[in-house]
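Here is the structure we will look at, set down as structure tokens.
Derivation of every value follows stated rules applied to the coordinates shown; laboratory data play no part. Since this is a predicted model, take the numbers as computed values, not measurements. Positions of Cβ are generated from backbone atoms using ideal geometry, with glycine treated the same way; all protein chains shown enter the neighbour counts.
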Amino acid sequence: MLRFLAASVVLAGALFWGRTNRAPDLITPAREIFPEARRVEFQQGVHHVYGEGDTLLGWTGTGTADGYGGPMLLVTGIDTLGAVVGVRVVEQRETPVFWRMVRARDYFAGISGSSMEKVDYDYPNVVAVTGATISSDAIVESIRTAVAEVAGVAFDLRLPLPPRPFEFGLLELSILLLFALGVLGHRVRGPSRRRLRWAGQFGGLLVLGFWKNSPITMAKIAAFLAGYFPDPGTALAIYLLFAGFLLTSVFYGRNLYCLYACPFGAAQRVVGAIGGFSLKVPPWVVRFMETARNLVVFVALFLAFITLRPALASYEPFAALFALHGTTLQWFLLFIVLTASLLIRTPWCSFFCPMRTVELVVLDTKRWLKPDRREEPS
Amino acid sequence: MRRITKGDLGGLFLALLTFGVITAVLVQNFFER
């Protein structure tokens, strides 16, 4: 408990450090978008950009939206004819892999030159990067907000902002069903429980894995802990996953997410079933790995907080498997874990997964708040 | 105390290798942001 408190204090300090001294620079992006700019002036909520001889070149507006790892801030430039000139990213908290794709695909090139009325969610040039819909949507929403801001001030034009949708679809329904299966499985014994668990895990593998690639990740935990709560209307799934994880941890003493829903756990079990045998890991190795894993989680959170970039905390190889996106290192990690799954039962879950640390923290906190009398020495 | 087997050493090697790669992933995330 003492170690947990010490770690919490250090992490809170890192978060405080990350959150102070953070006034975004909005002048430099304006000068980058309008290279001939001589003077940039902030009036009525937008930046007015002037060139040689104090001629007005255009305006830049700022837009913000919730991305994968927290809010992103984009600056969008509009010229005096009402066309989008360029987009600059001021703050983003997405995964490095996503950002690498954005750069590689020249993401913002297509939007330049388009009329400000036409920047839409289904704008054809802004192609959503597969497996990163939240990040892509956030970019488009940020641009639209900025454009609407400039349109209102400079052109006296009210551009309708897209209504914030409330999405309850197959993904959300599947999550509820997976937890329902888990609760059912927890109440029965023997072969029925085994069958329910396989059913849940196959469902999780297909829906949370290959179809939607939306398992609980370190990035999402770090985002919540850093105080970035995504819009529940569009990110309901993650709220459901967290709620299910926490409630079942508290009520059943074992979270049912890991047992019934986690797609990566399921992938390892499938590989393990192919391997067919499991090595026993000696207890001293288990203890060593637990300490090492908790330390990794601590370092990951520390990095995320001090930079205020929750997505940096994600070290899981999930996206490599489920969305086929990853760095060489993530592919290598995936390879090691899946190979080890042939010999050791679900090695990622047992030794490396940050969710195990989160679960232990939840269970320890519960025990600390409400000590179980049976465990007290008589 | 029981003797340390080849299996133990193999497991430990795998564990250290994995933790090494995880650390490298975090370091790469940090520098690529």
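Observations, loosely collected:
- In the protein assembly as shown, taking the dipole from charged Cβ atoms about the Cα centre, the farthest positive-side position among A:Phe4, A:Leu161, A:Gly69 is held by A:Phe4.
- By the count of neighbouring beta-carbon atoms within 10 Å, fewest first, A:Tyr260, A:Tyr315 end up ordered A:Tyr315, A:Tyr260.
- If you wrap the Cα atoms of the protein assembly as shown in a convex hull and average its projected area over all directions, you get 23.7 nm².
- Degrees separating the helix A:191-204 axis from the principal Cα axis of chain A, which is the longest one: 20
- Within chain A: Cβ-based charge dipole about Cα centre, in debye rounded to nearest 20 (Lys, Arg +1; Asp, Glu -1): 2400
- As a length-normalised measure over Cα pairs under 8 Å and 6 or more apart, the relative contact order of the stretch A:126-273 settles at 28 percent.
- D_trans [Stokes-Einstein, Kirkwood Rh over alpha-carbon pairs] for the stretch A:183-240, 4 °C, 1.567 mPa s, µm² s⁻¹: 97
- Inter-probe distance in nm under a simple model that places probes 7 Å from Cα toward Cβ, at A:Leu5 and A:Thr20: 2.4
- Label point 7 Å beyond Cα of B:Glu32 along Cβ direction - residues of the stretch A:212-238 with amide nitrogen under 16 Å: A:219
- Fully extending the segment from A:Leu176 to A:Arg194 would add 4.5 nm, taking 0.36 nm per residue of separation and subtracting the current Cα-Cα distance.
- Using alpha-carbon coordinates, inclination of helix A:328-343 to the longest axis of chain A, degrees: 20
- Neighbour counts of C-beta atoms inside 10 Å place A:Cys262, A:Cys349 in the sequence A:Cys349, A:Cys262, starting with the fewest.
- Which of A:Ala237, A:Ala180, A:Gln92, positive extreme of dipole for chain A (C-beta unit charges): A:Ala180
- Residue (of A:Gly51, A:Trp348, A:Ala14) at the positive-pole extreme of the protein assembly as shown, dipole from beta-carbon charges: A:Trp348
- Taking the helices alone, chain A has a mean residue ellipticity at 222 nm of -16000 deg cm²/dmol, built from -39,500 (n - 2.57) per DSSP H run of at least 4 residues and averaged over all its residues.
- Estimated translational D of the stretch A:161-258 in µm²/s (Stokes, Kirkwood radius over Cα pairs; 25 °C; 0.890 mPa s): 170
- Placed amide H near A:Val85: partners under 5 Å, 5+ positions off or other chain: A:Gly77, A:Ile78, A:Asp79, A:Gly113
- Gyration tensor verdict on the stretch A:1-57 (Cα atoms; rounded if a/c is under 1.5, prolate if a/b is larger than b/c, oblate otherwise): prolate
- Degrees, to the nearest 10: A:283-307 long Cα axis against longest axis of chain A: 20
- Sorted by Cβ neighbour density within 10 Å, fewest at the top, the residues A:Tyr239, A:Tyr107: A:Tyr239, A:Tyr107
- Calculated FRET efficiency for the pair A:Ala109/A:Leu295, C-beta based, R₀ 60 Å, to 0.05: 0.90
- Under the simplified labelling scheme, the A:Val270-A:Val153 pair shows an inter-label distance of 5.1 nm, with each label point 7 Å from Cα along Cα→Cβ.
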